[in-house]
Every structure is written in C-alpha cells, then in structure tokens.
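Only one structure is covered here, and it is reproduced in the block below.
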Amino acid sequence: MTESTQTSVPVTPSAAVTGMVEHVLALAATWTRWDGEPVHLDGRVHTPHKAIRRVADHLVDHLAELEARLAGRDPQPDHWHASLITTEADLAPFTPEDLDEARSRLTRLAGIWAARLDALPDDQLDHSPGEGWTFRELAHHVQESVYYADAVGDLS
C-alpha cells in the first residue's frame with residue numbers, strides 16, 4: 001500500500017474573508033428558526049443578531065485599520081464594546097428580512113475587502129505599512145469571525 005499525501009493550497013487573503021462570510025451566511029440562513037434562547041459559550045452570550053453585528057463590526061474595524069495604514073495614518077483607536085455586551089437589539093427575533101439585510105451587508109463588506117486585498121501586491125500583503133499584523137495576517141484574523149456564527153450554530 002502506498003501512502004498518499006495531500007497538499008494544502010494556501011487560502012488567499014481575499015478568499016479567507018469571502019469564505020468566512022459565506023460560512024456565516026450559510027449558518028444565518030438557519031437562524032430564522034431561533035427560539036429566542038441565547039447561547040452561553042466561553043463566558044459570553046451569543047444570539048443571531050449579535051453574531052451578525054460582531055462579524056460586521058470586525059470587518060469594518062479592520063478594513064478601517066487597513067485603509068488608514070495604506071494612507072500613512074494611524075488607525076482610529078478601537079472603542080467597540082465587542083462581544084462583552086448584549087444589546088436589546090441582539091435579543092430580537094431573527095426574521096427572513098434580517099437575513100436579507102445580513103446577506104446584503106456582509107456580502108458587500110466582503111466584496112470591498114476582496115477588491116482591496118486583490119489589488120495589493122504580495123510584497124505589500126506581507127510587508128504592510130504601519131504597526132500591527134501584515135495585511136495577509138489581518139485577513140486571516142478577520143476570518144476568525146466565524147467564531148460568532150459557529151457559537152450560534154446551525155439551527156436547522
């Protein structure tokens with residue numbers, strides 16, 4: 001018997017972001033069945049609306065960082081309350097209209113990320129201006145936003 005090896009194809013920065021959004025939206029498509037009971041995980045409260053809010057906030061926050069650094073400016077300090085708080089809006093039922101809004105919002109944000117990342121040469125992705133992660137690392141960090149959607153899970 002011979003051993004087969006599987007080579008892993010590196011995920012491009014833009015595919016990391018767009019793939020994350022596709023994953024989140026696939027789970028969100030099941031959230032219209034949410035029973036209103038928040039999920040408690042890792043000492044935090046998770047709901048469908050909160051997951052969408054956190055993914056969108058994470059995309060906006062780090063896109064603003066990327067753009068500021070490209071422009072030679074310091075990024076605006078982060079003042080998000082993040083996942084530490086759960087707002088009344090986070091506890092609202094997740095309707096088909098909310099899913100439509102999430103699809104529009106997150107798909108557009110992922111598209112902006114993809115356009116920006118695909119326009120950057122590898123050298124700039126790996127040796128990015130300013131302080132912080134390289135832009136390649138930043139894209140893969142944003143990919144970790146799947147955590148919020150995975151916390152709510154598939155409610156099929």
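The values are calculated or read from the model by the stated rules, or taken from the named source; none is laboratory data. Since this is a predicted model, take the numbers as computed values, not measurements. So basically every Cβ, Gly included, is an ideal-geometry build from the backbone, and we count neighbours across all protein chains shown. These area figures cover heavy atoms from the full protein model, side chains too; ligands, DNA and RNA do not enter into them. Shrake-Rupley method; radii C 1.70, N 1.55, O 1.52, S 1.80 Å.
Filter the range 119-152 for residues that are in a loop (DSSP other than H, G, I, E, B), closer than 30 Å to V39 by Cα and touching a helix residue (DSSP H, G or I) at 6+ places or on another chain (Cβ under 7 Å) and give the result. Before you say what the answer is, go through the steps one by one.
In the first step, residues of the range 119-152 are kept if they are in a loop (DSSP other than H, G, I, E, B); the result is 120-121, 127-134, 144-145.
Of the ones still in play, those that are also closer than 30 Å to V39 by Cα are 144-145.
Matches in the range 119-152: S145 only.
Please enumerate the residues belonging to the range 41-67 that are hydrophobic (A, V, I, L, M, F, W, C), in contact (Cβ under 8 Å) with a residue 24 or more places away in the chain and closer than 24 Å to G19 by Cα.
First pass over the range 41-67, keeping only residues hydrophobic (A, V, I, L, M, F, W, C): 41, 45, 51-52, 55-56, 59-60, 63-64, 66.
If we keep only those that are in contact (Cβ under 8 Å) with a residue 24 or more places away in the chain as well, we get 41, 45, 51-52, 55-56, 59-60, 63, 66.
L41, A51, I52, V55, A56, L59, V60, L63, L66 - these are the residues of the range 41-67 that are hydrophobic (A, V, I, L, M, F, W, C), in contact (Cβ under 8 Å) with a residue 24 or more places away in the chain and closer than 24 Å to G19 by Cα.
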For the range 91-116, pairs from a residue that is farther than 22 Å from R33 by Cα to a residue that is assigned to a helix (DSSP H, G or I) and open to solvent by less than 20 Å² (accessible area, probe 1.4 Å), with Cβ under 6 Å and 6 or more apart or across chains, are L109/L59; A110/V17; A110/V21; W113/V17; A114/S14
Cβ pairs under 6 Å, 6+ apart or interchain, first in the range 129-156 and of a type in the set (K, R), second open to solvent by 30 Å² or more (accessible area, probe 1.4 Å), ordered by first then second residue, are R136/D126
All conditions in (1) among the charged types (D, E, K, R); (2) touching a helix residue (DSSP H, G or I) at 6+ places or on another chain (Cβ under 6 Å); (3) crowded, with 16+ Cβ neighbours inside 10 Å are true of R116 except (2)
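Could you tell me whether any residue of the range 28-37 is at pLDDT 95 or above, within 29 Å of A119 (Cβ to Cβ) and open to solvent by 50 Å² or more (accessible area, probe 1.4 Å)? Break it down into steps so the answer makes sense when it comes.
First, the residues of the range 28-37 that are at pLDDT 95 or above: 28-37.
After this cut, where a residue has to be within 29 Å of A119 (Cβ to Cβ) as well, the list is 28.
Subset that is open to solvent by 50 Å² or more (accessible area, probe 1.4 Å): none.
No, every residue in the range 28-37 fails to be at pLDDT 95 or above, within 29 Å of A119 (Cβ to Cβ) and open to solvent by 50 Å² or more (accessible area, probe 1.4 Å).
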Modelled with pLDDT under 95, over 20 Å from V146 (Cα atoms) and either exposed (fewer than 15 other Cβ atoms within 10 Å of the Cβ) or not acidic (D, E) (or both), is that true of P93? no
If we keep only residues of the range 65-89 that are surrounded by fewer than 12 Cβ atoms within 10 Å (Cβ to Cβ) and in a helix (DSSP H, G or I), then the residue farthest from the chain's Cα centre (by Cα) is A89
